[in-house]
Amino acid sequence: MKVYKILNNNVIVTLDAKGNELIVTGRGIGFKKREGDLIDPSLIEKQFSLDNKETFPKFEELLSKIPFEVLTTSEVIINHAKQCIDGRLQDSIYISLTDHIHFAIERHKQGFDIPNGFLWEIKKFYPKEFQIGLYALAIIKDRLSVELPEDEAGFITFHIINAQLNDTMPNIVNLTKIMREILNIVKYHFNFEYDENCLSYQRFVTHLKFFAHRISNQQFQPHQDTSLYEIIRQKYAQSYLCTKQIDLHLIQQYQHPLSDDESLYLTIHIERLRTELKKQ
């Protein structure tokens, strides 16, 4: 087995016997290596061969940027989720959950935890998935020495739920319509083009799936946290104005005014997308 591409000291890409790319992880496996060098089998801890070829490059990009310990912790959580849930999780979980955990830890270190206004409803409607979220917090604390709040168990639950969704969902047409409309509002508000292959776009789409699912099913009656809402409204003023456009559209088309919680989450995700696209 030879090095095909080096992502960082702990993650490399190789080729299998059929020429398909494999992501191989292991502490120090890429250290002082060059393309074409032989891989030390004793250093291999995990191999990833994602079925979805479109997901593979996004996973590569993510792994090149995050700490190795976060990757291995996410993998432990995903393996546990697979054992607890009937049915298969989509490959996208490796991207969405790993990215979320990394982002949540960085926010927590900066003292910027986000309350989950849907926590009560998550516990009620998705008890099995929420237990996985609680397990994830315990594993993160044990392996990474970071104690995230219970709200994050709810957000992790969303990612587990999303990885189970498929095209047989009864409301998929309506969900897609709502997502497309919101994406267009953001696109024309900031006058930019999306790069559908970049992580920032994938993050935003993932959030919109949750959001559109709530609107379509009217499952959640979110609680309010006006103090944080005011902070976000002032800190991310440009993105907040875009959120207000979305609010007006949803009122006109779906009779669904945004709650402060929904505005908060949308504004944060829009700001992150806007900031990352400006760097490209």
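The values are calculated or read from the model by the stated rules, or taken from the named source; none is laboratory data. Just so we're clear, the structure is a prediction, and the values are computed from it rather than from any experiment. So basically every Cβ, Gly included, is an ideal-geometry build from the backbone, and we count neighbours across all protein chains shown.
Computed quantities for the displayed model
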quantity	calculated
Condition met for F56 (in the same structural domain as V146 (by TED's automatic domain parsing), over 24 Å from K128 (Cβ atoms) and not polar (S, T, N, Q))	no
From D40, D16, residue being outside the structural domain of L134 (by TED's automatic domain parsing), modelled with pLDDT under 85 and not hydrophobic (A, V, I, L, M, F, W, C)	D16
Criterion (of a type in the set (A, V, I, L, M, F, W, C), modelled with pLDDT under 80 and either surrounded by 12 or more Cβ atoms within 10 Å (Cβ to Cβ) or over 23 Å from F158 (Cα atoms) (or both)) met by exactly one of F56, F31	F56
Positions within the stretch 222-250 being assigned to a loop (DSSP other than H, G, I, E, B) and either touching a Lys or Arg at 6+ places or on another chain (Cβ under 9 Å) or modelled with pLDDT of 95 or more (or both), in sequence order	P222, Y236
Options E121, E147; residue that is among the acidic types (D, E), at pLDDT below 85 and surrounded by fewer than 20 Cβ atoms within 10 Å (Cβ to Cβ)	E121
Pair list, Cβ < 9 Å and 6+ apart or interchain, from the stretch 83-97 residues that are free of Cβ contacts under 8 Å to residues at least 12 places away in the same chain to residues that are charged (D, E, K, R)	R88/K82
Subset tally (residues that are in contact with a helix residue (DSSP H, G or I) (Cβ under 6 Å, 6 or more places away or on another chain) and polar (S, T, N, Q)) for the stretch 101-141	1
Matching residues in the stretch 58-97 - criterion: being among the polar types (S, T, N, Q) and farther than 16 Å from V24 by Cα	N79, Q83, Q90, S92, S96
